[in-house]
1. May I ask you to verify whether residue 345 is touching a residue at least 12 places away in the same chain (Cβ under 8 Å), within 29 Å of residue 22 (Cα to Cα), in contact with a helix residue (DSSP H, G or I) (Cβ under 8 Å, 6 or more places away or on another chain) and not charged (D, E, K, R)?
2. Would you check if residue 393 is over 30 Å from residue 5 (Cα atoms), at pLDDT below 90 and surrounded by fewer than 21 Cβ atoms within 10 Å (Cβ to Cβ)?
3. Filter segment 136-183 for residues that are basic (Lys, Arg) and either outside any helix (DSSP H, G or I) or surrounded by fewer than 18 Cβ atoms within 10 Å (Cβ to Cβ) (or both); which is modelled with the highest pLDDT?
4. Could you please give the count of residues in segment 8-56 that are in a helix (DSSP H, G or I) and more than 13 Å from the chain's Cα centre (by Cα)?
5. I'd like to check something: does segment 116-135 contain any residue that is of a type in the set (A, V, I, L, M, F, W, C), touching a Gly at 6+ places or on another chain (Cβ under 7 Å), over 24 Å from residue 3 (Cα atoms) and surrounded by fewer than 20 Cβ atoms within 10 Å (Cβ to Cβ)?
6. Restricting attention to segment 300-355, which residues are surrounded by fewer than 24 Cβ atoms within 10 Å (Cβ to Cβ) and under 14 Å from the mean Cα position of the chain (by Cα)?
Amino acid sequence: MVDVFVTYGPWLIAIAAAFGFFMAWGIGANDVANAMGTSVGSNAITIKQAIIIAMIFEFAGAYLAGGEVTSTIRDGIIDASYFTDTPELLVYGMIGSLLAAGIWLVVASALGWPVSTTHSIVGAIIGFAAVGVSADSVAWGKVFGIVGSWVVTPAISGFIAFLIFQSAQKLIFNTDKPLENAKRYVPFYMMLAGFVLSLVTIKKGLKHVGLHFSDIEAYGLALAIGVVIAIVGKLFIGRLKMSEKTDRHTQFANVEKVFAVLMVVSACCMAFAHGSNDVANAIGPLAAVVSVVNSGGEIASKSPLVWWILPLGGFGIVAGLAIFGSRVMQTIGKNITHLTPSRGFAAELAAAATVVIASGTGLPISTTQTLVGAVLGVGMARGIAAINIGVVRNIVVSWVVTLPAGAGLSIIFFYMIKGTFS
């Protein structure tokens with residue numbers, strides 16, 4: 001048993017819990033706003049409705065599907081064997097990392113920058129491990145993978161969003177009878193959305209609850225859900241009383257109403273998948289601290305979660321979104337390019353599809369970068385003039401700064417905490 005844990009164990013856990021809540025608050029303020037930004041920006045829902053939807057589905061995702069067990073060190077970014085003789089350094093580092101990542105997320109949210117919460121915590125962990133312990137303890141190959149994903153992820157989601165948006169233009173909006181064509185083709189978009197979003201939920205969310213599906217079962221189930229949604233959607237659209245003799249402008253407005261319904265459904269699914277996946281950024285390091293302190297210094301590759309950790313992460317996410325989420329929503333939904341429900345739907349569906357592709361291929365991705373890329377793709381489909389280049393430049397700069405900012409702050413906090421307790 002390490003002396004520090006005997007003397008200060010409960011204190012270390014209490015500090016880690018406070019900083020874990022703070023980090024979750026930052027995730028809510030920054031990342032959840034991404035999931036809801038397109039819906040709010042396209043006026044499919046109001047900010048108040050977005051916050052209520054996100055509260056329910058993010059909390060459900062985090063609490064129901066956030067996992068019984070969490071990897072002690074996210075994505076194997078550092079080698080735990082370097083800490084076997086000095087487990088207290090891992091504890092100090094994880095506590096410092098939570099505070100560092102949380103501060104960076106709050107600063108970015110205040111400036112309206114959508115940054116990656118995963119990259120914030122990974123940067124923080126790399127910082128304290130490389131400087132405070134040993135540069136060899138960091139898996140640098142994985143770091144280069146993350147840097148590569150800054151280009152690859154937005155490119156994939158942007159391309160998919162471009163295709164979805166263009167198809168809607170050709171099949172529905174640029175035709176003589178937009179309303180009639182909407183009734184014909186929108187059920188297919190509903191089926192695609194149902195398939196992709198249920199696949200995200202099955203692959204990302206349900207595995208944490210103990211429901212494990214093989215790939216064939218997951219795809220089969222997702223396809224069945226997609227078909228059911230398409231049939232229900234077709235019946236629903238068929239019942240809408242809209243005159244096709246009205247002018248094209250009114251018909252367009254009616255078509256957008258149909259897409260607005262789709263956006264709300266996709267926002268709920270994205271919020272659930274996000275809650276189940278990204279809550280680990282806040283509770284992973286916290287669970288590691290609790291596990292190492294309670295076991296007297298033993299570092300396991302997986303940390304079982306104490307009962308209070310998941311709700312702490314869920315409440316933190318919800319609080320951050322409610323109090324501070326509107327600025328990043330404004331950036332994603334309004335400032336990059338002008339969104340309507342059909343454009344927002346194209347962006348959100350493309351982002352979800354990219355998440356599915358990435359989880360199938362093991363690409364390290366950031367939901368933020370995926371969604372920004374998708375919104376850019378929709379903007380590009382309307383021509384480069386439709387995009388606010390100044391906003392995009394700021395976003396890209398904030399992405400590049402995230403890793404070093406997290407690393408620099410965590411090095412400072414690591415030495416402060418180490419000095420306080422040793």
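The values are calculated or read from the model by the stated rules, or taken from the named source; none is laboratory data. Because the structure is a prediction, the values reported are computed rather than measured. Quick reminder, even Gly has a Cβ in these numbers, built from the backbone with ideal geometry, and neighbours come from all protein chains shown.
1. Numbers: touching a residue at least 12 places away in the same chain (Cβ under 8 Å): yes; within 29 Å of residue 22 (Cα to Cα): no; in contact with a helix residue (DSSP H, G or I) (Cβ under 8 Å, 6 or more places away or on another chain): yes; not charged (D, E, K, R): yes.
No.
2. Details: over 30 Å from residue 5 (Cα atoms): yes; at pLDDT below 90: no; surrounded by fewer than 21 Cβ atoms within 10 Å (Cβ to Cβ): yes.
It is false that residue 393 is over 30 Å from residue 5 (Cα atoms), at pLDDT below 90 and surrounded by fewer than 21 Cβ atoms within 10 Å (Cβ to Cβ).
3. Residues of segment 136-183 basic (Lys, Arg): 142, 170, 177, 183.
Next, only the ones that are either outside any helix (DSSP H, G or I) or surrounded by fewer than 18 Cβ atoms within 10 Å (Cβ to Cβ) (or both) stay: 142, 170, 177.
On the way: 142: 81, 170: 94, 177: 83.
The selected residue is 170.
4. 30
5. Looking for residues that are of a type in the set (A, V, I, L, M, F, W, C), touching a Gly at 6+ places or on another chain (Cβ under 7 Å), over 24 Å from residue 3 (Cα atoms) and surrounded by fewer than 20 Cβ atoms within 10 Å (Cβ to Cβ), one finds none in segment 116-135, hence no.
6. Once the filter is applied, which keeps residues that are surrounded by fewer than 24 Cβ atoms within 10 Å (Cβ to Cβ) and under 14 Å from the mean Cα position of the chain (by Cα), segment 300-355 yields only 318.
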